[in-house]
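A.B. asks: Next up is a structure, given as structure tokens.
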Amino acid sequence: DVGSGESERASAELRRFFDSDSRSTHQSALLHLASMRAQVGMGSGARLALAEATHVARDSQDHACLMYAQCWETRLLLDERSALAAQQAASALVAKAAALGNRETLAAGSIYAADALLLGGASPRRAFEAVVAARALRLVAVFCAGLGAAWR
């Protein structure tokens, strides 16, 4: 776990970066803050930043930010071992990603949904079948191939 001093320094650096970057949006800065807090184990702080990012993104009709906020919300629910809420959040994420044509987040949502199935007591076979049915593995392969091409 990260100590509180390190977390505060990281938050300050995020604020400094987003204050100096004129291309950044407020909701994007909040989303990054939520991500950082979630990754260092500050779930309640992450939720506060996600709630604010969601509010600002809704006001500005930033559908991509809303989708990414839903992605982090699903991940937090999985981290909290909340199976039913995670399944519902993953289903909403998959629907939003499909509507926006975002294949990477569609794959992530499908994998989160399978993780939520396992958390809820489903067999590994059932979870794997759900991932295969959602074509998430193909989406991940396409995404990784695209990353490989970008690095060449």
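A.B. asks: Given Cβ point charges of +1 (Lys, Arg) and -1 (Asp, Glu) and nothing else, what value in debye, to the nearest 20, does the dipole of the range 37-148 about its Cα centre take?
C.D. replies: Numbers: 11 positive and 9 negative charges, 64 e Å.
Rounded to the nearest 20 debye, it is 300 debye.
A.B. asks: Could you point to the residue in Leu100, Ala122, Ala49 farthest towards the positive end of the range 41-141's charge dipole, with +1 and -1 charges on the Cβ of Lys/Arg and Asp/Glu respectively?
C.D. replies: Farthest along the dipole direction, towards plus: Ala122.
A.B. asks: Suppose all protein chains stay in the model; what accessible area per residue would a 1.4 Å probe give for the range 98-141, in Å²?
C.D. replies: Numbers: 2550 Å² over 44 residues.
Here the per-residue accessible area is 58 Å².
The values are calculated or read from the model by the stated rules, or taken from the named source; none is laboratory data. Only a predicted model underlies this, so the values are computations on that prediction, with no experimental measurement involved. A quick note on method: Cβ atoms are made from the backbone with ideal geometry, for glycine too, and the neighbour counts reach across all protein chains shown. For the accessible areas, the whole protein counts, side chains as well, though only heavy atoms, and no ligand, DNA or RNA atoms are used. Shrake-Rupley method; radii C 1.70, N 1.55, O 1.52, S 1.80 Å.
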